[in-house]
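Contents: one structure, followed by commentary.
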Ligand SMILES: [Mg+2]
């Protein structure tokens, strides 16, 4: 199991500052990502100038167990790469490139080959790898990144991607529905297994699979995000209950 100690530890921080998980902009899926990224924040008075984009992979532009760019997003991914060329676009994933999950960079190398985008190697998982991200951009001054305000973080998880953006002092764009919007999923179309499987058929099959996987994803998010918070609240509740009892007996 891909445990995220960083996210669990930062639950304590979130209790004090719940606004850390709030995005600066929200989109339904990766397809709606405004490029250049400034367009995502155009309603704000403090107009940011985005020099670089930190991009999540799983359930953002690819399926969680895939290194392929999801079929419907290939054009958007190409546009994003053109707007943020070279080191200006960086994939930061809690699977590919995370040293605890991908110690030999096998997944990271495959992902770099599939996307043509650098994948960060990081010791601390999101949301705790902000300093490793900034160190990457310090080593690549050609990106024009002078500080965290020049960076936008794009991802589907509030507790990892958006907390990372806020802890860094960067800008967070939340991909609310994951890789495929629930309303966009076919409820009745099934792939015709008798005909030749085209790329469209394969994506149709993927959509069916995701429909089932989304239910699991929601459950997993509850376990990963909410359970630590529930345990913490229960511990605090018990602590509070015990204090007056000790005082009374004393
Ligand atoms: Mg993700």
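Points worth noting:
- Residues residue 13 and residue 104, FRET efficiency given R0 of 51 Å [Cβ-Cβ distance, rounded to 0.05]: 0.95
- Rule-of-thumb Rg ratio for the range 91-137 [Cα; 2.2 N^0.38 Å; N residues]: 1.03
- Here is the tail figure for the range 5-181: Cα pairs spaced more than 27 Å apart come to 17 percent of all pairs.
- Net lengthening on full extension, residue 123/residue 47 (0.36 nm per residue, minus Cα-Cα): 24.1 nm
- Computed from the alpha carbon positions, the gyration tensor of the range 69-114 leads to an equivalent ellipsoid with semi-axes of 22, 12, 8 Å, biggest first.
- 5 Å-binned pair-distance histogram of the range 122-161 (Cα, whole percent): 6, 21, 30, 23, 15, 5, 0
- Each peptide in 164-172, 24-32, 123-131 was scored by the mean count of other Cβ atoms within 10 Å over its residues; highest first, the order is 164-172, 123-131, 24-32.
- Ordering of 154-161, 38-45, 63-70 by packing is 154-161, 63-70, 38-45, highest average first (other Cβ atoms within 10 Å, averaged per residue).
No lab work stands behind these numbers, since they all come straight from the coordinates. Because the structure is a prediction, the values reported are computed rather than measured. Note that we place each Cβ from the backbone using ideal geometry, even for glycine, and neighbour counts take in every protein chain shown.
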